[in-house]
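The values are calculated or read from the model by the stated rules, or taken from the named source; none is laboratory data. Just so it is clear, the model here is predicted, and its values are computed rather than measured. Don't worry about glycine lacking a Cβ; one is built from the backbone with ideal geometry, like all the others, and counts go over all protein chains shown.
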Amino acid sequence: MTMKLSVKRTVDQWFNKIEKNPSLGVTVSILGLMVIGWIAFGWNLGNTGLVDETEPLFAEASRQMLVTGDWITPFFDGETRFDKPALIYWCQAIAYKIIGVNEWAVRLPSAIAALGLICLAFYTVHWYLTKQDELEQVSRPTRRYLISFIAAALMALNAETIIWARTGVSDMLLTGCMASALLSFFLGYAGKEGSREQGSRGAALITNAQSPMPHALFPNKWYLAFYVLIAGAILTKGPVGIVLPGLIVAAFLLYVGKFREVLREMRLFVGILIIIGLSVPWYALVIWRNGWNYINSFFGYHNLERFTEVVNGHSAPWYFYFLVVLLGFAPYSVYLPASIVRLKFWQRSHWRSLERFQQFGLFAWFWFASIFGFFTIAVTKLPSYVLPLMPAAAILVALLWSELLPNMEAKNDDKTQTHVGTEKVFAHPPASSSIPPLLVWSGWLNVVFLSFLATALFNLSHILGTDPAISNFHELIQKSGIPVIAGVIWLVCAILVGGFLLSRRWNYIISINLVGFVAFLIFVLTPASFFIDRERQLPLRELSAVILEAKQPDEELIMLGFKKPSVVFYSHIHVNYLGFPQQAVAHIKNQAAKALQPPSLLLLAEQKKFLQMDLQPDDYKSLSTKGAYNLVRVNFKKKKNQKIDIS
């Protein structure tokens, strides 16, 4: 107990120093966020190869932009790529220019977007808690910093965020723009009324006839940031970049009864002009160049049809996103129901009576619910679609846990406090009566969930499906020891959380979950990514190197039975994709009849598909076999007068 009290005193003294020296607080905050960001997004970011099938599509399209100098129309493998707008390609191409064409550059925009988001979230939560302390006329620096760091850590240290922040696709950039825009909106919204310390002088400055023209015409800096970030979201993924934030903001403002008032103060007309000015020029240029091909492909197929129809077989049941949030935001997802119920969002008159900044939790709820509901209604479903709600989930859970630290530095009776000079700190944890019952039940649900998770991981090799690219996959994953390590980590966490619940050490529970996830990231997710890279992607990179060395001028490369765009990125060679052995045989015959030079082609095929071609040993020359793939050279001279039958 003496040691614990000593540590507590040291922590409080440190935070009091930070409170008295704001520059020290800023420095410590930046360092802390950098540590969280490096662990979650930076560590080993580019030390594994690109993951098929989506990541190399973005990487190669960006490389083509850099090579050709065409920054308007994205291309992949000689064909236009209209899946996503240009911002992600621009960011990756700029990263190529700075640090070279490599995996780090491909993923750097996603990592930076994630890091920027957690930094702005830290600032927003800290600002909210500061305003709360001012309203209650208390000083609680320890609580403010701890809750802000918890929010940032929850936002960064979850599987959904880490996966997409470490992947060179557009999802994390969209989330960074969209979520940062929503945080900026709330800062602008809450700060407009929140300048209590400025009093009537501040209000007079707004209406004073001698005020500079920009103050009358333009929104405040946070609303301006909101508009700029919305334009970034539109340039990242299209109409969804404005539809979702607009839906969230409109629903929130209508609920609190400030719709017209806030739209006026936001200078909405000016904001729309800013969004149009930043986002529309590229769309105008790409449509001018590509016409209806772009309109039908991007706006029709990749936006409207994805919402109304199943695209690329990505269908799922209505409860799909319940599972995605449960596992993607694990292990903290078990606290979401309590976080939502504690808000009592249905008490509209209560929320409308509060100061604007006090509506932060309600705003996070509308953020979470709107995105969840929107994509639940959408017919096409993918796990990455609900990535933009993860920041809201982190804020909701952090605000729930802030209830455990309401009086950490408040002056209570001497029974629960010990004097340290002129400071006061807790000698004992809060009594169980001060803990919300929902939080206690959520704690036990946390134990049950971690236990089930540990059990599932112990049996992971029996749960996972097969991967055609990795032979004897289940045996290899079991030999790696990764499932056992993962199961042990979460089983230990379940035991510790249960122990802290029984001993009423509530404050440690969320820390155990965070530390458990960091251990899971270091000892499970990172080794698993290297394992998958070695078994699934390395063979393709090695074959790409062989192709570069063996390919003759103008020799065609055919990929049979699969589509792995990483070969295009690593070999810088056009690939002709063919799905079936019969197609490959017919293509070889057609090419042979043309008497092309060189009189051969390279064929990269899955071993099963290659055997189905029924080629004789003298029909081809084997160049390399890696993993599940064969690389051969087929000579046309052997094919001109030879009939090939496919049994």
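Given (1) surrounded by fewer than 20 Cβ atoms within 10 Å (Cβ to Cβ); (2) touching a strand residue (DSSP E or B) at 6+ places or on another chain (Cβ under 8 Å), where does residue 116 come up short, assuming only one miss?
(2)
Suppose the filter is buried (at least 21 other Cβ atoms within 10 Å of the Cβ), outside the structural domain of residue 467 (by TED's automatic domain parsing) and not acidic (Asp, Glu); does residue 611 pass it? Write out each step before concluding.
Details: buried (at least 21 other Cβ atoms within 10 Å of the Cβ): no; outside the structural domain of residue 467 (by TED's automatic domain parsing): yes; not acidic (Asp, Glu): yes.
Here the answer is no, as residue 611 does not meet what is asked.
Tell me which of these residue 33 doesn't satisfy, since it passes every other one: (1) of a type in the set (A, V, I, L, M, F, W, C); (2) out of contact with any Cys (no Cβ under 7 Å at 6 or more places or on another chain); (3) assigned to a helix (DSSP H, G or I).
Against the list (1) of a type in the set (A, V, I, L, M, F, W, C); (2) out of contact with any Cys (no Cβ under 7 Å at 6 or more places or on another chain); (3) assigned to a helix (DSSP H, G or I), residue 33 comes up short only on (2).
A quick yes/no check of all residues on (1) part of a loop (DSSP other than H, G, I, E, B); (2) exposed (fewer than 12 other Cβ atoms within 10 Å of the Cβ); (3) at pLDDT 90 or above:
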site	(1), (2), (3)
271	no, no, yes
274	no, no, yes
279	no, no, yes
284	no, yes, yes
298	no, no, no
302	no, no, no
310	yes, no, no
317	yes, yes, no
330	yes, no, yes
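Look through the range 486-516, keep the residues that are in contact with a Pro (Cβ under 8 Å, 6 or more places away or on another chain) and among the hydrophobic types (A, V, I, L, M, F, W, C), and return whichever of them is modelled with the lowest pLDDT. Write out each step before concluding.
Going through the range 486-516, the residues in contact with a Pro (Cβ under 8 Å, 6 or more places away or on another chain) turn out to be 490, 493, 504-507, 513, 516.
Still in the list and also among the hydrophobic types (A, V, I, L, M, F, W, C): 490, 493, 506.
Numbers: 490: 96, 493: 96, 506: 81.
Step by step, filter the range 486-516, then rank; the result is 506.
Looking at the range 83-107, which of its residues are over 22 Å from the mean Cα position of the chain (by Cα) and buried (at least 16 other Cβ atoms within 10 Å of the Cβ)? Reasoning before the result, please.
Taking the range 83-107 as the starting set, the residues that turn out to be over 22 Å from the mean Cα position of the chain (by Cα) are 97-101.
101, the sole residue that qualifies.
Can you list residue pairs whose Cβ atoms sit under 6 Å apart, with the first residue in the range 75-86 being closer than 16 Å to residue 54 by Cβ and the second being of a type in the set (Phe, Trp, Tyr) and buried (at least 20 other Cβ atoms within 10 Å of the Cβ)? Count only pairs 6 or more apart in sequence or on different chains.
Sorted first by the residue in the range 75-86, then by its partner, the pairs are 82/298.
I'm checking my understanding of the structure. Among residues of the range 472-512 that are of a type in the set (Ser, Thr, Tyr) and farther than 17 Å from residue 529 by Cα, which one is nearest to the chain's Cα centre (by Cα)? So that I can check it myself, show each step before the final result.
Quick first cut of the range 472-512, residues of a type in the set (Ser, Thr, Tyr) only: 480, 503, 508, 511.
Pick out the ones that are also farther than 17 Å from residue 529 by Cα and you get 503, 508, 511.
Numbers: 503: 36, 508: 27, 511: 22 Å.
So the residue we want is 511.
So, residue 155, is that one in a helix (DSSP H, G or I) and closer than 10 Å to residue 110 by Cα or not?
Values: in a helix (DSSP H, G or I): yes; closer than 10 Å to residue 110 by Cα: no.
In short, no.
Residues of the range 570-595 being surrounded by 15 or more Cβ atoms within 10 Å (Cβ to Cβ), hydrophobic (A, V, I, L, M, F, W, C) and more than 44 Å from the chain's Cα centre (by Cα), which ones?
Passing the criteria: only 592.
Just to be sure I understand, how many residues within the range 48-70 are within 21 Å of the chain's Cα centre (by Cα) and outside any helix (DSSP H, G or I)?
7
Out of the range 335-363, which residues are crowded, with 20+ Cβ neighbours inside 10 Å and either outside any helix (DSSP H, G or I) or touching a Gly at 6+ places or on another chain (Cβ under 8 Å) (or both)?
357
May I ask you to list the residues in the range 72-126 that are touching a Pro at 6+ places or on another chain (Cβ under 9 Å) and of a type in the set (Ser, Thr, Tyr)?
Within the range 72-126, 80, 89 qualify.
Of all residues being in contact with an Asp or Glu (Cβ under 9 Å, 6 or more places away or on another chain) and in a loop (DSSP other than H, G, I, E, B) in the range 71-80, which is surrounded by the fewest Cβ atoms within 10 Å (Cβ to Cβ)? Just the residue, please.
As a first pass, look at the range 71-80 and keep what is in contact with an Asp or Glu (Cβ under 9 Å, 6 or more places away or on another chain): 74-77.
With the extra rule that they be in a loop (DSSP other than H, G, I, E, B), the set shrinks to 74, 77.
Details: 74: 25, 77: 18.
The qualifying residue surrounded by the fewest Cβ atoms within 10 Å (Cβ to Cβ) is 77.
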